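Data first, discussion second: the structure below is written as structure tokens.
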Amino acid sequence: MQWEPVIGLASGAAPTATFPNCHLLKPVAAQVVWSDPQQNSPLAELCKAVQDEDWERNYEQGFTKINMRAEWSASEERMSTFRYLASSNAASRVLEIGSFCGAGALALAEVIPADGEVRSLELDSFVVDFGRRFQLKSLAGKKITTNVGPAMQALQSLAAEANGHRFKAFDCMQSYFDLLWSTPGLLSERAVVCVDMTLFKGQPPTRYVKFGFPHRWHSNSGQAEIDTLRAAVQARADLRSFEFGGMLVVTRTEAQP
């Protein structure tokens, strides 16, 4: 059968009419293995690495100071909350106390201005180095500065160097709440302080689990301290607070711009 061109049809509508091609007439697409495109960000890689890491082994081998757990890293919900609070409050300087591997810090760094800063305080150098490998892959990673060591000493140093260039703190542990609000020059007038209200993150020592007696180990959940902090904040006329995402979010009652 002799081929005849189809009149009136554009090549785009009927490509084989203008340019006959055996590969188009007999498609071979079924033979091609298709893979969905992957777009892994440094933050996503960090979160996956934290979940895959054997933290109990790291503790047993002396790499970490305490027996850490992957659940300590900021969840996707927590990171989304951080991003929202940072964006809605136009934060440019953020202070994070207890950074673990820095997932929350990187999430914050991605939404603050190019000249912004995230200052993280973390006691354990192993987790800082662990997270830094992924932060360096991100363009926002350069905004993160981490102080390794006791948080109390670092906070005193930060207050001394503030000179009016103050923080809008976004994540802190309960024990540092009073220090943040009472230290002159540390927080901006429109500061937002988020306190993790999760119960104590501890777990039975390895020896209890290994010998089958985890139920014999008891620890303070921290519920009493959480209730005390919540009541203390509600009693202060100069502060207002609300809770969501497992955090107590506190601001000044009459924040000045």
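The values are calculated or read from the model by the stated rules, or taken from the named source; none is laboratory data. The model shown is predicted, which means the values in this text are computed figures rather than measured ones. Glycine gets a Cβ as well: all are built from the backbone with ideal geometry, and neighbour counts include every protein chain shown. Note: accessible area is taken over every heavy atom of the protein model, side chains too, but ligands, DNA and RNA are not part of it. Shrake-Rupley method; radii C 1.70, N 1.55, O 1.52, S 1.80 Å.
Couplings for the range 114-121, taken from phi via the Karplus curve 6.51 cos²θ - 1.76 cosθ + 1.60 with θ = phi - 60°, read 4, 9, x, 8, 10, 9, 10, 10 Hz in order; Gly and Pro are left as x. For residue 59, the accessible surface of its heavy atoms amounts to roughly 90 Å² (probe 1.4 Å, protein chains only, rounded to the nearest 10). The peptide list 185-196, 225-236, 92-103, put in order of mean Cβ contacts within 10 Å with the highest first, becomes 92-103, 185-196, 225-236. Gain on full extension, evaluated as 0.36 nm per residue between residue 61 and residue 198 minus their Cα-Cα distance, stands at 46.5 nm. Close amide H partners of residue 147, meaning residues 5 or more places away or on another chain with modelled amide H under 5 Å apart, are 120, 121, 122.
Provide the packing ranking of 121-130, 43-52, i.e. peptides ordered by the mean count of other C-beta atoms within 10 Å per residue, highest first.
121-130, 43-52
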